[in-house]
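Everything below concerns the one structure shown next.
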Amino acid sequence: MSGIEDVLAPPNAEGTRATILRWCKAVGDTVIKDEPLVELETDKVTVEVAAPVSGTLIEVLKEVDAEVSPDEVLARMRLAGESACAPKIDSPQTAAAAGAGQEPLSPSVRRLLREHSIVAGDINGTGRNGRVTAQDVTRHVSRTQVPRASRTAAAPEPAREGADSLVPHTAIRRRVAEHMVRSLADAPHVTTLFEADLTQVLKHRSLHAKSFESRGTRLTLTVYFIRACARALRAHREVNATFTQDAMQLHPDVNIGVGTALGTKGLIVPVIHRAQDLSLFDIAQRLNTLVESARAGRLAPQDVRGGTFTISNHGVGGSLLAAPIVINQPQVAILGVGKVQRRVCVIEAGGSESIAVRPMCYLTLTIDHRALDAFQANAFLKLVVETLEQWPDTAEPLHD
């Protein structure tokens, strides 16, 4: 269509659906190229869609809360400098506007007029040359008509104390629910359980936490688990993989996602890409940035894509053990980290045994049994535990 540009939902390799969160512009507004036009919410991030050209927003095809797919048309814009073509006279509203010498009505305005049985001539247009805009129609309706719900149904009774209330799901919650159900339906989940002594890790942290803070980042325990998993995933590539019906796809890069709670909104998994190449400080810096961005709603699409393995540190909430933890498909395994707790242990040293109190935590590895067996799962988790328990005192250990 000459002089008209479609506004498309952004493409993505994962085919993730999205929901219209809000329109930054209204029909009839002048928009500059690359100016934010609409915000989309996926199960992972909020994405701004910018105007592809400079011009006027003439039609909105997807309203707030509507679901959209990649490359779907969201709206249409008239290019700057292009005049509006005379519309086909196919409705009383359009005919009235044309007869009165007014600017042509946009499709969204015509739809609103039809819904409320209004003639455009009854409304004082505030647009260019007296054109009736969508805002003009809604203002007119609010002043002159009883709300539709009031016309068709009696007013609801006030909520009784203690009565049930409905809280609509966010887009993130809906997608997480779909993802969890699909994962459990597709993959037979099996969990193996190990216990790790974090004495050496906590010693290293006490030696280097202040140094990390002086360089602008926090050294959390999750950083150590990421580094230990990166090492184990390089040694056991079958865990850093995707299961398909015909083959196992082994990934060259270790991209570790970290489950991050967003309060009541749901869960998101930002990804630390190429973790195998990062130092302990690099991992700490990247993790802190991603978690802060996740909780502030500032994650970019690339921050949540491409994960090959996931860590769920449920212990930060006080949980000792959680099993099974649902696998983040299409990955084949997920590590669960329980709360660190001081426990009485039997320590073997120099051929003798002694009783000691040590900082211990449970580690679980839940696997997709189509892709992995117990032998592989145990070998992987054994290396993770050994790495943690033998952590050296040096600032940047474990370069493989």
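Computed about its Cα centre, the charge dipole of the range 324-400 is approximately 420 debye, with only Lys, Arg, Asp and Glu carrying charge at their Cβ. Comparing LEU184, SER211, LEU290 along the charge dipole axis of the range 159-290, the residue lying farthest to the positive side is SER211, per the Cβ-charge model. Note on HIS169/SER319: beta-carbon distance plugged into 1/(1 + (r/R0)^6) with R0 of 25 Å gives a FRET efficiency of 0.55. A straight line joining the Cα centroids of the range 17-79 and the range 366-388 runs 45 Å.
The ALA374 and LYS210 beta-carbon pair, evaluated with R₀ = 41 Å, returns a calculated FRET efficiency of approximately 0.45.
With contacts taken as Cα pairs under 8 Å at a separation of at least 6 residues, the range 322-400 carries a relative contact order of 27 percent.
Estimated at 0.36 nm per residue, the fully extended path between ILE32 and ASN124 surpasses their Cα-Cα distance by 30.4 nm. In loop segments of the range 182-240 as defined by DSSP, there are no GluC sites (Glu not before Pro) with at most 12 further C-beta atoms inside 10 Å of their C-beta. The relative contact order of the range 277-379 comes to 22 percent, based on Cα pairs under 8 Å that sit 6 or more residues apart. In this label model, ALA349 and ARG237 are separated by 4.0 nm, measuring between points 7 Å along each Cα→Cβ vector.
Accessible surface area normalised per residue over the range 337-400 is 53 Å², counting heavy atoms of protein chains with a 1.4 Å rolling probe. For the range 157-201 versus the range 227-259, the spacing of their alpha-carbon centroids is 24 Å. Across the range 204-305, C-alpha contacts under 8 Å between residues 6 or more apart give a mean separation that, scaled by the residue count, equals a relative contact order of 25 percent. Dipole of the range 221-332 computed with +1 at Lys/Arg Cβ and -1 at Asp/Glu Cβ about the Cα centre; of LEU320, PHE243, GLY257, farthest Cα towards the positive end is LEU320.
The values are calculated or read from the model by the stated rules, or taken from the named source; none is laboratory data. Source: prediction; values computed, not measured. Please note: Cβ atoms are built from the backbone with ideal geometry, for glycine as well, and neighbour counts cover all protein chains shown. Each accessible area value is taken on the protein alone, full model and side chains, heavy atoms only, with ligands, DNA and RNA left out. Shrake-Rupley method; radii C 1.70, N 1.55, O 1.52, S 1.80 Å.
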